[in-house]
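Here's the structure we're looking at; comments come further down.
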Amino acid sequence: MKRSLVIIPTYNESENISRIIPEILKQDEGIEVLIVDDNSPDGTAKMVKDLQQTNAKIHLLERAGKQGLGTAYVAGFHYALSHNFEFIFEMDADFSHDPKELPRMLQKIDDCDLVIGSRYISGVNVVNWPMKRLILSYCANLYTRIITGMPVRDATAGFKCYRRQVLESLNLDAIKSNGYSFQIETNFKAWTRGFRICEIPIIFNDRHAGVSKMSKHIVYEAVFLVWKLKLQYLFAKKCL
Ligand SMILES: Nc1nc2c(ncn2[C@@H]2O[C@H](COP(=O)(O)OP(=O)(O)OP(=O)(O)O)[C@@H](O)[C@H]2O)c(=O)[nH]1
Ligand SMILES: [Mg+2]
């Protein structure tokens, strides 16, 4: 049995959360779930607490207010490491990521250290996204690949599985980025530390319900971050 924790950051996901948790748990007996909620005004955390009454595999971290996706994941990673989970997933609450893919990702992690559920490995597997959003995501990935040289087709994907050794090696509290940038930064740092990254194709669906938190700020942050990562890396190599 693979002891795994699926981390889901949430902000106003009451329309999705109580449906997605049981879907995740039934995929594998080794899987548990951690919700990192930023005091969602719609009562997401209360719904998680109700579900916790009947199932010990549901964990909840409550934070005081909306602090962003990146720090929510970092808090979740610390939780996973201190509770001795071996495999740690990132996943969205909004059904963009199909829970049925979890067993396939768990199988793939046997061959590598970080598995990315990729939208762009065999063509473009995105359903129901506005064309503008798709082009933005595709171009963000092309840009990231060209600047960093990292051989990843979908570096901004948020459906991932890490071996705990990857997270142990990252200086988690030094990661300050959010959204797209958080994904790029964690991949880049895993890659430059020599961990094996592999991608498996997944079909990505637009969110079922609830409101998007995508913003222009998330895009600008990523534009600058790839240069920062690249330059920091080159500088560190030169200084060795
Ligand atoms: N804890 C926490 N969770 C967040 C925050 N921002 C977003 N999330 C959650 O992170 C996951 C991904 O965010 P989404 O809003 O789906 O972002 P996206 O997938 O890029 O965009 P859409 O699917 O269009 O909304 C969801 O489960 C959100 O509820 C935040 O500030 N704090
Ligand atoms: Mg989403």
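The values are calculated or read from the model by the stated rules, or taken from the named source; none is laboratory data. Note that the structure is a prediction, hence the values are computed from the model and not measured. Quick reminder, even Gly has a Cβ in these numbers, built from the backbone with ideal geometry, and neighbours come from all protein chains shown. When the accessible area is computed, the model is the full protein with side chains, heavy atoms only, and any ligands, DNA or RNA have been set aside. Shrake-Rupley method; radii C 1.70, N 1.55, O 1.52, S 1.80 Å.
This table checks each residue for (1) part of a loop (DSSP other than H, G, I, E, B); (2) more than 16 Å from the chain's Cα centre (by Cα).
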{"residue": "K2", "(1), (2)": "yes, yes"}
{"residue": "I7", "(1), (2)": "no, no"}
{"residue": "S18", "(1), (2)": "no, yes"}
{"residue": "D28", "(1), (2)": "yes, yes"}
{"residue": "S40", "(1), (2)": "yes, yes"}
{"residue": "G65", "(1), (2)": "yes, yes"}
{"residue": "G70", "(1), (2)": "no, no"}
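In the list P9, P41, P103, which residue meets the criterion of being surrounded by fewer than 22 Cβ atoms within 10 Å (Cβ to Cβ), touching a residue at least 12 places away in the same chain (Cβ under 8 Å) and closer than 27 Å to E221 by Cα?
Being surrounded by fewer than 22 Cβ atoms within 10 Å (Cβ to Cβ), touching a residue at least 12 places away in the same chain (Cβ under 8 Å) and closer than 27 Å to E221 by Cα holds for just one of P9, P41, P103, which is P41.
Take the conditions in contact (Cβ under 8 Å) with a residue 12 or more places away in the chain, of a type in the set (D, E, K, R) and not in a helix (DSSP H, G or I) and apply them to D92. Does it pass?
Considered against the rule, which asks whether it is in contact (Cβ under 8 Å) with a residue 12 or more places away in the chain, of a type in the set (D, E, K, R) and not in a helix (DSSP H, G or I), D92 comes out as yes.
Exactly one of these conditions fails for P201: (1) more than 16 Å from ligand 1 (Cβ to nearest atom); (2) open to solvent by less than 40 Å² (accessible area, probe 1.4 Å). Give me its number.
So P201 meets the others, but not (2).
Six or more apart or on different chains, Cβ atoms under 6 Å: show the pairs whose first residue is in region 180-208 and without any contact (Cβ under 8 Å) to a residue 60 or more places away in the chain and whose second is in a strand (DSSP E or B).
W191/I197
Given the criterion under 20 Å from I8 (Cβ atoms), more than 14 Å from the chain's Cα centre (by Cα) and either within 16 Å of ligand 1 (Cβ to nearest atom) or open to solvent by less than 40 Å² (accessible area, probe 1.4 Å) (or both), identify the matching residue among H208, H217.
H208
Out of all the residues in region 106-143, which are within 26 Å of E221 (Cβ to Cβ), away from ligand 1 (no atom under 11 Å from the Cβ), of a type outside the set (V, I, T) and touching an Asp or Glu at 6+ places or on another chain (Cβ under 8 Å)?
Once the filter is applied, which keeps residues that are within 26 Å of E221 (Cβ to Cβ), away from ligand 1 (no atom under 11 Å from the Cβ), of a type outside the set (V, I, T) and touching an Asp or Glu at 6+ places or on another chain (Cβ under 8 Å), region 106-143 yields G117, S118, R119, Y120, N141.
Determine if region 74-88 includes at least one residue that is within 16 Å of ligand 2 (Cβ to nearest atom), under 30 Å from Y138 (Cα atoms) and open to solvent by less than 30 Å² (accessible area, probe 1.4 Å).
Checked against the condition, which is being within 16 Å of ligand 2 (Cβ to nearest atom), under 30 Å from Y138 (Cα atoms) and open to solvent by less than 30 Å² (accessible area, probe 1.4 Å), region 74-88 yields no hits at all.
Just give me the residues in region 140-155 being within 16 Å of the chain's Cα centre (by Cα) and either of a type in the set (K, R) or open to solvent by 10 Å² or more (accessible area, probe 1.4 Å) (or both), in sequence order.
The one that is within 16 Å of the chain's Cα centre (by Cα) and either of a type in the set (K, R) or open to solvent by 10 Å² or more (accessible area, probe 1.4 Å) (or both): R153.
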